[in-house]
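Student: Handing you this structure, nothing more for now.
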Amino acid sequence: QRLETGRRSMSNPLKSKSWSPYLVGAGIGVLSWFAFWSAEHPLGITTAFEHTAALVLEATVPGLAESNSYYQEESPKIGWEWMLVVGVFFGSIISSFASGDREPITVPPMWKSRFGSSVPLRLTIALLSAGLMMFGARLAQGCTSGHGISGNLQLAASSWLFSLLFFSTAILTAFIVYGRTRDV
């Protein structure tokens with residue numbers, strides 16, 4: 001079965017369920033070079049959400065821009081970062097269909113064994129966790145792509161520290177939430 005999977009991925013890598021981390025790393029490196037060359041800006045996703053939220057707030061609360069220091073430092077806009085968001089969204093959908101790795105599971109087995117099969121609980125925790133991650137990314141002035149990829153490529157000390165902390169936090173959180181399990 002493994003040999004057959006290897007043959008399928010060699011004939012069409014888009015049908016593979018996983019890619020070589022070396023190939024993906026090289027691809028992200030090339031994408032980063034392209035972003036610096038074409039947009040003169042590093043890769044990052046959370047800035048798009050920050051700017052969009054600022055635009056919505058500005059539209060709903062007229063006059064806010066004059067009294068808020070954020071608007072003095074930043075000019076919220078729908079910028080090129082949204083192309084990265086759109087690309088990640090559609091790329092993941094295309095990848096899941098092309099590889100056949102698309103299972104309609106709302107509550108994964110590991111979650112179910114630990115917390116039960118409640119769909120509302122699973123979706124609520126997922127939404128709250130996403131909000132917490134977004135808050136943390138904005139607090140750190142960069143996300144895993146901004147710091148973890150672009151900042152590390154630029155050898156920024158803050159990005160190396162951020163990467164060490166987010167990997168450590170992710171591992172610790174996984175142990176706290178799921179414990180030491182071999183059910184994976």
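The values are calculated or read from the model by the stated rules, or taken from the named source; none is laboratory data. Predicted model, so just to flag it, every value in this text is computed and none were measured. So basically every Cβ, Gly included, is an ideal-geometry build from the backbone, and we count neighbours across all protein chains shown.
Student: Name the pairs whose Cβ atoms lie under 6 Å apart, with the first residue in the range 123-144 and under 16 Å from ALA170 (Cα atoms), the second of a type in the set (A, V, I, L, M) and surrounded by 11 or more Cβ atoms within 10 Å (Cβ to Cβ), and 6 or more positions between them or separate chains?
Tutor: CYS143/ILE45; CYS143/ALA137
Student: Considering only the range 127-159, state which residues are exposed (fewer than 12 other Cβ atoms within 10 Å of the Cβ) and among the aliphatic types (A, V, I, L, M).
Tutor: Scanning the range 127-159 gives LEU127, LEU128, ALA130, LEU132, LEU139, LEU155, ALA157.
Student: In the range 33-54, which residue that is within 25 Å of ALA65 (Cα to Cα) and of a type in the set (Ser, Thr, Tyr) is modelled with the highest pLDDT?
Tutor: THR52
Student: Is it the case, given these coordinates, that VAL86 is out of contact with any helix residue (DSSP H, G or I) (no Cβ under 9 Å at 6 or more places or on another chain), within 24 Å of SER159 (Cβ to Cβ) and without any contact (Cβ under 8 Å) to a residue 24 or more places away in the chain? Let's see the steps before the verdict.
Tutor: Working: out of contact with any helix residue (DSSP H, G or I) (no Cβ under 9 Å at 6 or more places or on another chain): yes; within 24 Å of SER159 (Cβ to Cβ): no; without any contact (Cβ under 8 Å) to a residue 24 or more places away in the chain: yes.
So VAL86 does not fit the description; no.
Student: Would you point out the residue of the range 106-126, among those that are modelled with pLDDT of 90 or more and assigned to a helix (DSSP H, G or I), that is nearest to the chain's Cα centre (by Cα)?
Tutor: Among residues in the range 106-126 that are modelled with pLDDT of 90 or more and assigned to a helix (DSSP H, G or I), the one nearest to the chain's Cα centre (by Cα) is ALA126.
Student: Continuing with this model, one more query. Looking only at the range 138-152, count every residue that is part of a helix (DSSP H, G or I) and among the small types (Gly, Ala, Ser) and tell me the total. First the steps, then the outcome.
Tutor: If we filter the range 138-152 for residues that are part of a helix (DSSP H, G or I), which is where we start, we get 138-139, 146-152.
Subset that is among the small types (Gly, Ala, Ser): 146, 148, 150-151.
Going through the range 138-152 one residue at a time, the tally reaches 4.
Student: From the residues in the range 55-75 that are acidic (Asp, Glu) and in a helix (DSSP H, G or I), which one is modelled with the highest pLDDT?
Tutor: Taking the range 55-75 first, the residues acidic (Asp, Glu) are 58, 66, 73-74.
Checking the rest, the ones that are also in a helix (DSSP H, G or I) come to 58, 66, 73.
Details: GLU58: 79, GLU66: 72, GLU73: 74.
Filtering the range 55-75 for residues that are acidic (Asp, Glu) and in a helix (DSSP H, G or I), the one modelled with the highest pLDDT comes out as GLU58.
Residue-by-condition table, conditions (1) without any contact (Cβ under 8 Å) to a residue 24 or more places away in the chain; (2) touching a Cys at 6+ places or on another chain (Cβ under 7 Å); (3) not hydrophobic (A, V, I, L, M, F, W, C):
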{"position": "SER96", "(1), (2), (3)": "yes, no, yes"}
{"position": "GLY100", "(1), (2), (3)": "no, no, yes"}
{"position": "VAL107", "(1), (2), (3)": "yes, no, no"}
{"position": "GLY116", "(1), (2), (3)": "yes, no, yes"}
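Student: Could you say whether any residue in the range 155-167 is over 17 Å from the mean Cα position of the chain (by Cα), farther than 30 Å from ARG114 by Cα and part of a loop (DSSP other than H, G, I, E, B)?
Tutor: yes
Student: Let me ask something additional. Please go through the range 66-89 and give me each residue that is within 22 Å of ILE149 (Cα to Cα) and small (Gly, Ala, Ser), ordered by number.
Tutor: GLY79, GLY87
Student: Here's something else I'd like to know. Is there a residue in the range 127-137 that is aromatic (Phe, Trp, Tyr), outside any loop (DSSP other than H, G, I, E, B) and outside the structural domain of VAL24 (by TED's automatic domain parsing)?
Tutor: Yes, because at least one residue in the range 127-137 is aromatic (Phe, Trp, Tyr), outside any loop (DSSP other than H, G, I, E, B) and outside the structural domain of VAL24 (by TED's automatic domain parsing).
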